[in-house]
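The values are calculated or read from the model by the stated rules, or taken from the named source; none is laboratory data. The shown structure was predicted, so the numbers you read here are calculated from the model rather than taken from an experiment. Glycine also receives a Cβ, built like all others from the backbone with ideal geometry; neighbour counts cover every protein chain displayed.
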Amino acid sequence: MRADRLLPLCATVAIVSWASAYPLVRIALRDIPPVPLAAWRYAVAAVLAGLYLLVRRPPVPHGRDLVRLAACGAVGIAAYNILFNCGEVSVSAGTASLIIAAAPLLAGLLAVVVLGERLSARGWAGSVLSFSGVALLAQGQAGGLRFGSGATLVAGAALCAALYMVAQKPLLGRYGALPTTAYTLIAGAVFLSPALGQGARALAHAPPTTWAAVLTLGIFPAALGYAAWGFVIGHLGAARGMVLIYLLPPTTMVLAYGLTGETPTRATLVGGAIVMAGVVLATARRRRAVAA
């Protein structure tokens, strides 16, 4: 099948699978604690990633790249999912997706500090606008902006995602998107593996819906979603592909309504609109420049 025909399918798989993770985590958390849920989800994803590496046999990382991959797995997979799952105990799926939407802006700010990149006035304005929307979203959740509340834990997950975006940049150039993701998934699963035992005990008494949620989380958002996104970025480029990420929060809200009956509040819609407006403002010029 031609790439231009596969592209819409892969984009749909990536967005829908990632959006499904938010309500599916809420469903699974009814019967399994947050950390064991992350451990089992990425154990499933690591098996699929290992099979991919065995079939494709990409270059094996060595030296400092191994340390960087371990850090990506520890921060971008293990810490991210621990914070995210713990936050979703009290934060709705739609709100969580909107808070996570600020991760690219955080990555841009980190790149200014760590990599010495420059951020335009439009970028700073969009960042301030987006983070004010995150604050509004947090105020509508239990605990508000209090340290340790669900909203601040999800914001911590967004920071982990931003750190991961910055840390993986050199690896993408040397190994490619899919091999880097596969190695990172396996590293993250190793860091989460101490919680597998507790997860096994919880799953032993869990209903089939929980098993289905855990397996789906490992197969689709964690494995196939990343693989499909790698294909999209490989053909569209990161700048053009970023536009598709704007579809993630509304898709999440539709799926959350269908799977859990969750309805977004007015504060969620207003705060979400502010977040997305800030993201669009901050990235519009950068996307046009890269495309040119």
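Below are the figures for this structure:
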{"read-out": "Filter result for A93 (crowded, with 17+ Cβ neighbours inside 10 Å and modelled with pLDDT under 70)", "value": "no"}
{"read-out": "Among (1) surrounded by fewer than 19 Cβ atoms within 10 Å (Cβ to Cβ); (2) in contact (Cβ under 8 Å) with a residue 40 or more places away in the chain, the one test that Y80 misses", "value": "(1)"}
{"read-out": "Residue in the stretch 22-30 that is at pLDDT 90 or above, within 27 Å of P170 (Cβ to Cβ), touching a helix residue (DSSP H, G or I) at 6+ places or on another chain (Cβ under 9 Å) and not basic (K, R) present", "value": "no"}
{"read-out": "Residue under evaluation L171, criteria (1) within 19 Å of A39 (Cβ to Cβ); (2) at pLDDT 85 or above; (3) buried (at least 20 other Cβ atoms within 10 Å of the Cβ); (4) in contact with a Ser or Thr (Cβ under 9 Å, 6 or more places away or on another chain), criterion not met", "value": "(1)"}
{"read-out": "Subset tally (residues that are buried (at least 16 other Cβ atoms within 10 Å of the Cβ), among the hydrophobic types (A, V, I, L, M, F, W, C) and modelled with pLDDT of 75 or more) for the stretch 258-275", "value": "2"}
{"read-out": "Qualifying residue in the stretch 46-68 (condition: under 14 Å from the mean Cα position of the chain (by Cα), under 19 Å from C160 (Cα atoms) and buried (at least 17 other Cβ atoms within 10 Å of the Cβ))", "value": "no"}
